[in-house]
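Presented below is the structure to which this report refers.
The values are calculated or read from the model by the stated rules, or taken from the named source; none is laboratory data. As the structure is a computational prediction, the values presented were derived from the model and not from experiment. So basically every Cβ, Gly included, is an ideal-geometry build from the backbone, and we count neighbours across all protein chains shown. Only protein heavy atoms, including side chains, enter the accessible area calculation; ligands, DNA and RNA are left aside. Shrake-Rupley method; radii C 1.70, N 1.55, O 1.52, S 1.80 Å.
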Amino acid sequence: MAFAGANYLAVVVAALAGFGVGAIWYTVLGKAWLDALGKSCDETKAGGGAKAMPFVIAIVANLVMAIMLSGLMGHLGNVTVRGGLISGFFIWIGFVITTMGVNHAFSGASTKLTAIDGGHWLAVLLVMGAILGAFGSRRPQVFDESRV
């Protein structure tokens, strides 16, 4: 599936940046996240440590998210840093945090877990939106001052 005017370099950069945000987010908040999850570090390492599959899923999910955000921004015709931040925020508040809130409520997860995970996805969407907006749509230059 291709979106007219999509800048695929921007999509890849945004996806990798989103993954990087997650790495930093959970490195900083890892202990609080484990506490909110109700698990110890030892429990998460049972069975041989970190498995590759969650990381593969995270990278693919970030790529899909970046492609969809790019398509939405292009559809709206506001491929700017400001437009990316607004689109990222609206997607987060309208779809991400609402579905997370429902899922976490029914699963009995703590509000602390919802805040940590929800904050992560807000940061990811804002970073992705800003990057996609900064690159613009199929523009060869990496930064266009008029896009800020």
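Those residues that are basic (K, R) and either within 13 Å of the chain's Cα centre (by Cα) or under 30 Å from A10 (Cβ atoms) (or both), I need them from region 79-113; list them, please. Write out each step before concluding.
We begin by selecting, within region 79-113, every residue basic (K, R); these are 82, 112.
Scanning region 79-113 gives a single hit, R82.
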The residue from L34, L16 that alone is aliphatic (A, V, I, L, M) and within 16 Å of the chain's Cα centre (by Cα) is L16
Pairing a residue in region 53-69 that is under 14 Å from V96 (Cα atoms) with any residue that is in a helix (DSSP H, G or I) and among the polar types (S, T, N, Q), where Cβ atoms lie under 9 Å and the two sit 6 or more apart in sequence or on different chains, gives L69/S87
Item to complete: Kindly check whether there is at least one residue in region 11-21 that is under 26 Å from S110 (Cβ atoms) and either assigned to a loop (DSSP other than H, G, I, E, B) or at pLDDT below 95 (or both).
Response: no
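Listed here are the residues, each with its yes/no results for (1) polar (S, T, N, Q); (2) at positive phi; (3) open to solvent by 70 Å² or more (accessible area, probe 1.4 Å).
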position	(1), (2), (3)
I57	no, no, yes
F90	no, no, yes
G94	no, no, no
N103	yes, no, yes
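Counting just the residues of region 105-138 that are among the polar types (S, T, N, Q) and surrounded by 17 or more Cβ atoms within 10 Å (Cβ to Cβ), which one comes out modelled with the highest pLDDT?
Just the residues of region 105-138 that are among the polar types (S, T, N, Q), to begin with: 107, 110-111, 114, 137.
The next check asks that each one be surrounded by 17 or more Cβ atoms within 10 Å (Cβ to Cβ); those that pass are 114, 137.
Details: T114: 97, S137: 68.
Selected residue: T114.
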The correct count of residues that are part of a helix (DSSP H, G or I), open to solvent by 60 Å² or more (accessible area, probe 1.4 Å) and not hydrophobic (A, V, I, L, M, F, W, C) in region 67-88 is 2
